[in-house]
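The values are calculated or read from the model by the stated rules, or taken from the named source; none is laboratory data. What you see is a predicted model, and the numbers here were worked out from it, not measured in a lab. Please note: Cβ atoms are built from the backbone with ideal geometry, for glycine as well, and neighbour counts cover all protein chains shown. To get the accessible areas, we keep the full protein, side chains included, count just its heavy atoms, and leave off ligands, DNA and RNA. Shrake-Rupley method; radii C 1.70, N 1.55, O 1.52, S 1.80 Å.
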Amino acid sequence: GAAGADPSVVVVTGAAGRTGQLVFEQLLADPRYEPRGMVSSEASAAKLRKKTGAPESAVVALDAVAGEGRDDALREAFAGADAVVMLVSAVPQLKKRSLLPFLVRNKILGDKKVRLGFRWKRGQTPQ
């Protein structure tokens, strides 16, 4: 927000992840922003609050609510938001079998349609 104005509300998804936590901490330290961190579990929320000193209201744990309550929690988290920073909480892993075809066809033969393949570890797909 502008000088003297209310802080800009910024929702940070994946706030418990590596990048998300860095973004959340930077926003929390800057009085121009009021960050709202979204995390997948109450355990992640507690850890983020402890590490950053964020107030209870600044972190939303989505596993703490289900069904219609989850929809309400999402609406509340995004209500009045001026910006959203969407971050993936999972780290993709290279499909090793995709590397050789990529190197030969893309880099040597110039076929730019060939891409590397990636997968997610079990239980770590992006949300």
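In segment 17-59, of all residues being hydrophobic (A, V, I, L, M, F, W, C) and open to solvent by 30 Å² or more (accessible area, probe 1.4 Å), the one that is farthest from the chain's Cα centre (by Cα) corresponds to Ala29.
Residues in segment 42-57 that are small (Gly, Ala, Ser) and under 18 Å from Thr19 (Cβ atoms): Ser44, Ala45, Ala54. Applying the condition of being assigned to a loop (DSSP other than H, G, I, E, B) and of a type outside the set (A, V, I, L, M, F, W, C) to segment 67-87 and asking which residue is most open to solvent (accessible area, probe 1.4 Å) yields Asp82. State yes or no: is Lys51 modelled with pLDDT of 90 or more, closer than 26 Å to Trp120 by Cβ and charged (D, E, K, R)? Yes, satisfied. Checked against the criterion of being modelled with pLDDT of 90 or more and more than 14 Å from Gly14 (Cα to Cα), the candidates Arg32, Arg70, Arg75, Arg36 yield just one match: Arg32.
Counting only residues that are assigned to a helix (DSSP H, G or I) and closer than 20 Å to Gly80 by Cβ, how many does segment 14-44 have? Residues flagged as assigned to a helix (DSSP H, G or I) and closer than 20 Å to Gly80 by Cβ within segment 14-44 amount to 4.
Considering segment 111-127, the residues that are open to solvent by 60 Å² or more (accessible area, probe 1.4 Å) and over 14 Å from Ser98 (Cβ atoms) include one that is modelled with the highest pLDDT, namely Lys112. Remark: Gly14 falls outside the filter, which requires a residue to be open to solvent by less than 10 Å² (accessible area, probe 1.4 Å) and either of a type outside the set (A, V, I, L, M) or in contact with a Cys (Cβ under 8 Å, 6 or more places away or on another chain) (or both). Has segment 88-108 got at least one residue that is within 19 Å of Val10 (Cα to Cα), touching a residue at least 60 places away in the same chain (Cβ under 8 Å) and open to solvent by 100 Å² or more (accessible area, probe 1.4 Å)? No; the residues of segment 88-108 include none that is within 19 Å of Val10 (Cα to Cα), touching a residue at least 60 places away in the same chain (Cβ under 8 Å) and open to solvent by 100 Å² or more (accessible area, probe 1.4 Å).
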